[in-house]
Structure formats: C-alpha cells, structure tokens
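Reviewing the structure listed below.
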Amino acid sequence: MTARPDPLASVIAPVLPPVIALALRPVPEPALPLTLPPPRVTPLPRPATLPTAPLRPASAMLLPDLAAILKGRLESPGELLTAPDPAALGAAILRQLRQAPEATGPGFRASQLGRCIRQLAFHHHGVRPDGREVDYRARATFALGDVTELLLVTALAEALATGAAPGWRLGEVRGAGGQGTVELALDVPTPRGGVRVVVPGHPDGILHGPGDLPGQPVALLEVKSTSSYGFTAWERSLRSGAGGWGPGDAYWWQLQAYLHSVGAAWGYVLALCKDSGAIAGWWQERDEGFPERLSRRLSQVVSSAGPHDVPREGPGGPIGPVERIGARGRPLKGHGDLPSFPCGYCAWYRPCWGPRLEERVSVDWRGRPSRALRLREETEGGEGA
C-alpha cells in the first residue's frame, strides 16, 4: 500500500517499505487441447538508450513513494528544471486529429495483451472491424489521457530533479516524436512447431535509481487515468495488500510485458482519477511466470484457423451473458445481458456474437447514453454464434 506522505517530505525523501506487490495470485489457465513445451524468451537487440538491467532483490534499495513526491511538486509550482518539450503536449492532442485507423493483421502489441483472447484473434486474423467505433467522445477521451500522462510524467521528472528522492531520475519520456519503443520476443509453441512472436510496446518512462549500473534501469513508469470506478477498485486492492494489479487485470499484462522487454525488476504505476483528480501510486514487481502465461494465451490465437476457434476469455476468466432464471424457469430482467466491458467496447462484437445479438441505447449511472448489448435466447429467434 502506498505510504502517506511524511510531513518532512521536503527535507527527507519518503520511501515505501520494500515489501510491495508480492501477493499476486495466479489465475487458473485454460488447458490447451495439446500438451505444449514451455516458451523460450529471446531478448531482441535494443537501442543503447534502453539496455537490459539485471533483477535486484527487494532489499537492494529503498523504493521511494513517487506519488507523494509528485503531489508535492504539483502543490508547489516553481521554476522548471528539466526543460520539458512544449511541442510534446501539442503533438499528443493533434495526434487524435490525424491518426489513421488501427490496422488489423498478424501481430500483437503490449497494450492489447490483457484483452479478450477472441478479440486478439479477430485482430490477428485481419477481420474487418464491425462493432464499437472510435467516435468523437473516444477521441476526446484519448486526447485527455495523453495530456494527463504528459502532465504527470513531467511533474514527476521535475520533482526528482529537485532531489526529492536522492539518486533517482526519470528518463525516456515522450517527446514530440512520440514514445520510445521496446520489444518482447517469445517463441510460442503451436501444434505445427514454434512461432516467433515479437510484441512491441511504449512505456511511459524509464526510472533510474541509486542501485543502477551505468545506463541500466531499475524500473519502468506506467501512467494511467481512469474513472472513479476503476480508481476505487485499485485503491481497494492496495488497502487489502493485493498489490494494485494482478493477473486478472488487463493492465498487469501490459506492464509485465514492458518489464520483461528491458529486464527491469520493478514497475511504478501512477494512476489519476479523471472524476476527482485524486492520484495513487504503487510499485509492482516483475513476475517471472509471465512469459509462460502469455505464451499460453497467444498460442491459442496463432494456432487457430479463425477467431471462432478461440474462446471468449479475458484475463479474469470466461466472458458470456448474464444468467438470471427465476424459480419457475423463466428469465428475469437482465438475463442475457452482455458485459459492457469488454464486449461493449469491442470492435468485433457483431461477428463475435452473431445474429442473436441485440443492440440498444441505455442510460448509465451518470444519466448519459451508453451502448447496451443483449443475447437473445435461441427460442426468441436467430441462431447461436
């Protein structure tokens, strides 16, 4: 759990105890139809600015409370020390006005790894999207997320430049040309033999600490903005000692891919609540079982002849309609509803669920229109997907 900022934070850098995010519980994985050998992880050549770093034990250093340091900098405006690039802010906004639609086809990105496996298969097999579209609200939300990320990253870099956490600095932040790229390479087993899969990603920053060897990072920075619902869930996880994100969280897969791509021992997550402006942060340790978990998921995709050969399954388990049957065997209100996330946000929900799918517009808890999906019973007409 993130420690409260010490009143003497302006004099003594606050630190977190070295016992962080060690309670990640493994999620049972679905059995594959064939027994496959474990994956082989092959590091790819990387630019000199992103070298591989060895793992370090938790006792090697004290990990600072970066969220508290960041909050202190936001509350104390002053002269800028790091010469941030103003063009990066404009580039983040303009990107949403000129960005081309996402191309589909073979391959994966780190930001996709925690999605539904069938959604990954639709993308991998190059199926034309037919579902949730990126509308004006989504574009505005993406732009706000980019601006939020730049604000928090810049503020953290400024805070570290003041010496608030001695020996720590932030590098590889986004510039006008975009974020730096890292890559994770896996040899994924399939019934036809191993397939080389390269997963690119764009971490928000590289954290260097006092335990660094020259030019080698201790940790990666990941910045997320979320609704009050998601923010509350993450805070609840921290208070329970579960460590923020676990294998059941989509973002866990993205962060772990980044950590393994550069060999960093730790990741630091900065989270901002879009509704209240509240900020939380926590350290997350690299999970050594991640490559095998990821390989088992991707194997189902690359081994498939098409998307419908792959189950509807997210990192938290199977995805399906709500089942609500009354005492007399009659469906109750809500029976057949599909989860708004991920199904309502999927670009392929129509071909995924087929002719039994019903679409309607409902009103969410804030009184705003929201897409609602429902699956008809077979007796109501139509065939199953």
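The values are calculated or read from the model by the stated rules, or taken from the named source; none is laboratory data. This is a predicted model, so every value here is computed, not measured. No Cβ is skipped: glycine too gets one built from the backbone with ideal geometry, and neighbour counts run over all protein chains shown.
What are the pairs with Cβ atoms under 8 angstrom where one residue, in segment 129-151, is in the same structural domain as residue 272 (by TED's automatic domain parsing) and part of a loop (DSSP other than H, G, I, E, B) and the other, located anywhere, is modelled with pLDDT under 90 and among the basic types (Lys, Arg)? Sequence gap at least six, or different chains.
Filtered contacts from segment 129-151: 132/371.
Return the residues of segment 49-92 that are modelled with pLDDT under 80 and assigned to a loop (DSSP other than H, G, I, E, B); say none if nothing qualifies.
Correct list: 49, 50, 51, 52, 53, 54, 55, 56, 57, 61, 62.
Is it fair to say residue 358 is assigned to a loop (DSSP other than H, G, I, E, B) and among the acidic types (Asp, Glu)? Steps first, please.
On the way: assigned to a loop (DSSP other than H, G, I, E, B): no; among the acidic types (Asp, Glu): yes.
Criteria not met by residue 358.
Tell me which of these residue 367 doesn't satisfy, since it passes every other one: (1) under 23 Å from residue 126 (Cβ atoms); (2) loosely packed, with under 12 Cβ neighbours inside 10 Å; (3) not aromatic (Phe, Trp, Tyr).
In the conditions (1) under 23 Å from residue 126 (Cβ atoms); (2) loosely packed, with under 12 Cβ neighbours inside 10 Å; (3) not aromatic (Phe, Trp, Tyr), residue 367 misses (1) alone.
Identify the residue in segment 173-225 that is modelled with pLDDT of 75 or more and among the acidic types (Asp, Glu) and, among all such residues, is farthest from residue 90 (Cα to Cα).
Checking each candidate, the answer is 187.
Out of 288, 292, 323, 359, which single residue is within 30 Å of residue 218 (Cα to Cα) and without any contact (Cβ under 8 Å) to a residue 60 or more places away in the chain? Give the steps one after another, and end with the answer.
Details: 292 fails: without any contact (Cβ under 8 Å) to a residue 60 or more places away in the chain; 323 fails: within 30 Å of residue 218 (Cα to Cα); 359 fails: within 30 Å of residue 218 (Cα to Cα).
The unique qualifying residue is 288.
Conditions tested, residue by residue: (1) surrounded by fewer than 12 Cβ atoms within 10 Å (Cβ to Cβ); (2) outside the structural domain of residue 227 (by TED's automatic domain parsing).
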residue: 281; (1), (2): no, no
residue: 285; (1), (2): no, no
residue: 289; (1), (2): yes, no
residue: 356; (1), (2): no, yes
residue: 372; (1), (2): no, yes
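Name, by its number, the condition in (1) charged (D, E, K, R); (2) outside any helix (DSSP H, G or I); (3) buried (at least 20 other Cβ atoms within 10 Å of the Cβ) that does not hold for residue 333.
Going through (1) charged (D, E, K, R); (2) outside any helix (DSSP H, G or I); (3) buried (at least 20 other Cβ atoms within 10 Å of the Cβ) one by one, residue 333 breaks only (3).
Restricting to segment 312-330, name every residue that is under 27 Å from the mean Cα position of the chain (by Cα) and either buried (at least 16 other Cβ atoms within 10 Å of the Cβ) or not in a loop (DSSP other than H, G, I, E, B) (or both). If you could, list the steps in order and put the result at the bottom.
We begin by selecting, within segment 312-330, every residue under 27 Å from the mean Cα position of the chain (by Cα); these are 312-322.
Residues satisfying the conditions are 312, 313, 314, 315, 317, 318, 319, 321.
Checking the structure you have, find out if any residue of segment 357-369 is under 30 Å from residue 242 (Cβ atoms) and among the hydroxyl-bearing types (Ser, Thr, Tyr). Let's see the steps before the verdict.
Going through segment 357-369, the residues under 30 Å from residue 242 (Cβ atoms) turn out to be 364-366.
Applying the additional criterion that residues be among the hydroxyl-bearing types (Ser, Thr, Tyr) yields none.
There is no residue in segment 357-369 that is under 30 Å from residue 242 (Cβ atoms) and among the hydroxyl-bearing types (Ser, Thr, Tyr).
Residues checked against (1) under 24 Å from residue 209 (Cβ atoms); (2) not in a helix (DSSP H, G or I):
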| residue | (1), (2) |
| --- | --- |
| 230 | no, no |
| 237 | no, no |
| 243 | yes, yes |
| 246 | no, yes |
| 254 | yes, no |
| 264 | yes, yes |
| 267 | yes, yes |
| 280 | yes, yes |
| 284 | yes, yes |
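Is it the case that some residue within segment 201-222 is assigned to a helix (DSSP H, G or I), within 27 Å of residue 72 (Cα to Cα) and not basic (Lys, Arg)? Show your work before the answer.
Initial filter on segment 201-222 (assigned to a helix (DSSP H, G or I)): none.
No, segment 201-222 has no match at all.
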